[in-house]
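Everything on this sheet refers to the single structure shown next.
The values are calculated or read from the model by the stated rules, or taken from the named source; none is laboratory data. Small disclaimer: the values here were computed from a predicted structure and weren't measured. Cβ: placed from backbone, ideal geometry, glycine included. Neighbour counts: every protein chain shown. Ligands, DNA and RNA are stripped out before the accessible areas are found, and what is left, the full protein with its side chains, is counted by its heavy atoms. Shrake-Rupley method; radii C 1.70, N 1.55, O 1.52, S 1.80 Å.
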Amino acid sequence: MLSLSGILFCALSSVPIRLRAVSGIHVGEILLKEEEKHRLKYIGIIDNWADIVSSTENAFVCYEASYTNCKNRLLHLFYNSILDYGKFIRDGKVSNYNLKLHHFRKTGTYVSGLNNMRKDGLDKELKTPAGITFAWHFSNLIYDEIYELFCRSDRIFGTPEETDDFFFGESKNVYPMDINGVVKRLTADDASFWDVCARYIRDLSRKVVGYFLQRSDDHGFSDLIKDQTWTDAYMALRYCLVEKNENLPKFENGNDFRNYLIKVCKYQAGNIQRKYMHKNEYIEDLPSMRSDYNDEEEWETDARFFEEEKPDAVTDSETYELDINTDNPYEVANAVSIILLNSNHPFRPALVNGIEDKVRILIDKATNGMSYNDIISEQYDELNPGEEKFRHAVVKARKDYERVRKTLCNRLKDLVKEKTMTPVTNQTSPI
């Protein structure tokens, strides 16, 4: 092994350097890094690693003092004379499965690096949730198209870097995708893009259904409606794009596509709700009142797809006559839940009169999924009640929750028996 002074002497005296060790890096180490980076053994260009390293060391000499120049000369010898990388690619790119899989992984990693989960362009227009991207989604079919171009190319690839440059360059021609590119992939029945679309529709449909049910004040079978709306909206889009049995509107951008899906989800949700409109659930299983959508500005963007006609004020008491079996606790509880979830119900103010705070606890706990700690924290807001006071408030909230259910059911029974209550109209409930 040459010392630094020996290397300098050789450079000054024009004595050739055998690059077994330059700046403390062995030839074998340089080649090993190349193998790890480009998986040369995996793609099949190297069978006997030790023989290849030995042949390279014996064949290589360097007349330059520059480490960079010597390394470049070494790699040129390695890929062109020792391995004949160009011939290997030319002869094997069509049939070498490992080569194809190797560059699939490399290209996918490259596209992912370009994306870095940015929410600009198409993904911003579609308002995709975290973890979902259309603009940068890398699918098998897209790669197959790129690899076909690679196989048909007459270009000579002398090193793995040159091969990488081909795949990375073709990827830049595809990404980022616009809405026309995505629709093209869906129309071509690209299973990978349909998987992304299914996850996107699931997220979007849940927001639409939550908002739709909240607007209609009817939360019966909300989970069932959400699940079936997701499935039906997905199948409706596939029918339109893949089966080509309907005229698809032209999408100028991601917003158009998103709004189209919102209309589909809303239409499906309405049909499903009407299907189950005569079925209701027990108060213990009150469905969520939350729309699962916290960004009001985004809903304003799609407001034209969520406009509902406001029902006329009810003035006829017979319209809301409570015809239930008061001896059946399930019927009573169900009727209470319907009234509580309908802010326009004329009997609601009388039912909650004087116990509004306790009813709020019931709604927060049963339908909004809040814990007692969360409920009390929200009540105190920024105030610091102290640990002891806070604990007592939590205990009281738990007791109020248990008591208010019984109180509401008893009140409703009395209202049904009396049948003398006059509906309250044009009054806003404090809850």
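Available extension along the chain between K244 and E64 is 58.2 nm, counting 0.36 nm per residue and deducting the alpha carbon span. 3J(HN,Hα) along the range 124-141, derived from phi through the Karplus expression 6.51 cos²θ - 1.76 cosθ + 1.60 where θ = phi - 60°, amounts to 6, 5, 7, 6, 5, x, 4, x, 10, 9, 9, 4, 10, 6, 9, 10, 4, 5 Hz, with x in place of Gly and Pro. The gain in end-to-end length when the N173 to D144 segment is fully stretched comes to 9.0 nm, 0.36 nm per residue minus the alpha carbon separation.
Modelled spin labels at S95 and E388, positioned 7 Å past Cα toward Cβ, are 8.7 nm from each other.
Positive end of the dipole of the range 57-136 (Cβ unit charges, origin at the Cα centre): among Y63, F88, G113, the Cα lying farthest that way belongs to G113. Amide H contacts for C62 (H built 1.01 Å from N in the peptide plane; partners 5 or more residues away or on another chain; cut-off under 5 Å): I17, R18, L19. Carbon and sulfur: what percent of the range 74-145's accessible surface (1.4 Å probe)? Carbon plus sulfur share of accessible area: 54 percent.
Subtracting the Cα-Cα distance of D414 and N325 from their residue separation scaled by 0.36 nm leaves 30.8 nm. FRET efficiency for the pair C151 and T187, taken as 1/(1 + (r/R0)^6) with r the Cβ-Cβ distance and R0 = 30 Å, rounds to 0.75. Applying 1/(1 + (r/R0)^6) with R0 = 25 Å to the Cβ-Cβ distance of N80 and S54 gives a FRET efficiency near 0.90.
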